[in-house]
1. Of the residues L20, L66, which is closer than 19 Å to R93 by Cα and either in contact (Cβ under 8 Å) with a residue 40 or more places away in the chain or touching a His at 6+ places or on another chain (Cβ under 6 Å) (or both)?
2. Could you say whether any residue in segment 43-55 is among the acidic types (D, E), closer than 18 Å to M1 by Cα and under 11 Å from the mean Cα position of the chain (by Cα)?
3. Residues being in a loop (DSSP other than H, G, I, E, B), surrounded by 15 or more Cβ atoms within 10 Å (Cβ to Cβ) and either at pLDDT below 95 or of a type outside the set (K, R) (or both): count how many of those fall in segment 81-95.
4. Of the conditions (1) surrounded by 14 or more Cβ atoms within 10 Å (Cβ to Cβ); (2) outside any helix (DSSP H, G or I); (3) not β-branched (V, I, T), D14 clears all except one; give me its number.
5. Which of (1) part of a loop (DSSP other than H, G, I, E, B); (2) more than 14 Å from the chain's Cα centre (by Cα); (3) surrounded by 11 or more Cβ atoms within 10 Å (Cβ to Cβ) is the odd one out, the single condition R21 does not satisfy?
Amino acid sequence: MLSLRDSAGARLFDDALHRLRVPEACILAMSLEFFNDPEPCEIHRSAVIMRGLEEIRMACAGRESLHITELPQRLKDLLGEYPDARVLSLYQRELQ
């Protein structure tokens, strides 16, 4: 699960990581970088989204939370649909 919060601590996103909205411009840029494909098919689109989400997961590994300013630019770009986000956290959802 991923949680994104603004500077006041309000939740902007709190759901499974794979449900994060990724900006189209970021998808296209990563597709061009990894596949030299400016018009990605669904397979390339899915692959670059999955890679981006894995990069977010790895950046958060072993940390309770992470301030957006600590992220590399590519990860900031991946979070572009949430411009007010300041802190992100990854956590395990408890099974009920």
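The values are calculated or read from the model by the stated rules, or taken from the named source; none is laboratory data. Owing to the predicted nature of the structure, the values given are computational and were not obtained by experimental measurement. FYI the Cβ positions are ideal-geometry reconstructions off the backbone, even for glycines, and counts take in every protein chain you see.
1. None of the other options fit; the residue is L20.
2. Scanning segment 43-55, I find at least one residue that is among the acidic types (D, E), closer than 18 Å to M1 by Cα and under 11 Å from the mean Cα position of the chain (by Cα), so the answer is yes.
3. Residues meeting the conditions: 3.
4. Exception for D14: condition (1).
5. Of (1) part of a loop (DSSP other than H, G, I, E, B); (2) more than 14 Å from the chain's Cα centre (by Cα); (3) surrounded by 11 or more Cβ atoms within 10 Å (Cβ to Cβ), only one is false for R21: (2).
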